[in-house]
Amino acid sequence: MSDSGWITQREAARLLGVHPSLIPKMLRRGDLVARRERPSLSRAAVLELAGVRAAAAEARRAVKPSGPVPPDDEHDWLLAREAGVVMGVGPEAVKVRARRGRLPSVVHDRRRWFRRDHLELVKRADEVKRGRASPG
């Protein structure tokens, strides 16, 4: 390891806890700045970046929700159980219809999500079909 305030990319990777191949990417993004001489990276700048990355990782861990997270906040999203209540069927029937393409859904974080407004439209369409099909 260098005694001066300058370190190699390999040493920077060790200090940052990343693979050495990530250092050139960090340089291209502007996260780090290199000088022409070798060793090329400022130890102080690398340690500062390590602190910023650690703080960001801690913030992500602190904000991580405990339950399933819907795909977005703009719509009212439901999981299969709640979707089944809206549709008047069980959760497995909702999943089967979605897999067959008969019910719109989105897979997000390994869970199938259903928009309430879409479910209500499909339910009304099914009711209309049944109303036309029955004599009367």
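What follows draws every value from the coordinates through simple rules; no lab data is involved. As the structure is a prediction and not an experimental result, all values here were calculated from the model. So basically every Cβ, Gly included, is an ideal-geometry build from the backbone, and we count neighbours across all protein chains shown.
Computed from backbone phi, the HN-Hα couplings of the stretch 106-118 come to 9, 8, 9, 6, 6, 10, 8, 10, 10, 7, 4, 4, 5 Hz, rounded to whole numbers (Karplus: 6.51 cos²θ - 1.76 cosθ + 1.60, θ = phi - 60°; Gly and Pro given as x). Enclosing the Cα atoms of the stretch 77-133 in their convex hull gives a volume equal to 71 cubic angstrom per residue. Stokes-Einstein diffusion coefficient for the stretch 6-63 at 4 °C in a medium of 1.567 mPa s, Rh from the Kirkwood formula over Cα pairs: what value in µm²/s? Estimated diffusion coefficient is 111 µm²/s.
The distance between label points at residue 31 and residue 125 comes to 4.5 nm (points 7 Å beyond Cα on the Cα→Cβ vector). So what is Rg over Rh here for the chain, counting just Cα atoms and using Kirkwood for Rh? With Rg and the Kirkwood Rh in hand, the quotient comes to 1.36. Angle, helix 43-63 long axis vs. longest principal axis of the chain, Cα atoms, 0 to 90°, nearest 10? Tilt of helix 43-63: around 20 degrees. If R0 equals 30 Å, the separation of the Cβ atoms of residue 19 and residue 48 corresponds to a calculated FRET efficiency of about 0.90. How many angstrom lie between the Cα centre of the stretch 78-126 and the Cα centre of the stretch 15-60? Using only Cα atoms to place each centre, the spacing works out to 45 Å. With q set to 0.17 Å⁻¹, the log10 of I(q)/I(0) for the stretch 51-105, from the Debye formula over equal scatterers at the Cα positions, is -0.66.
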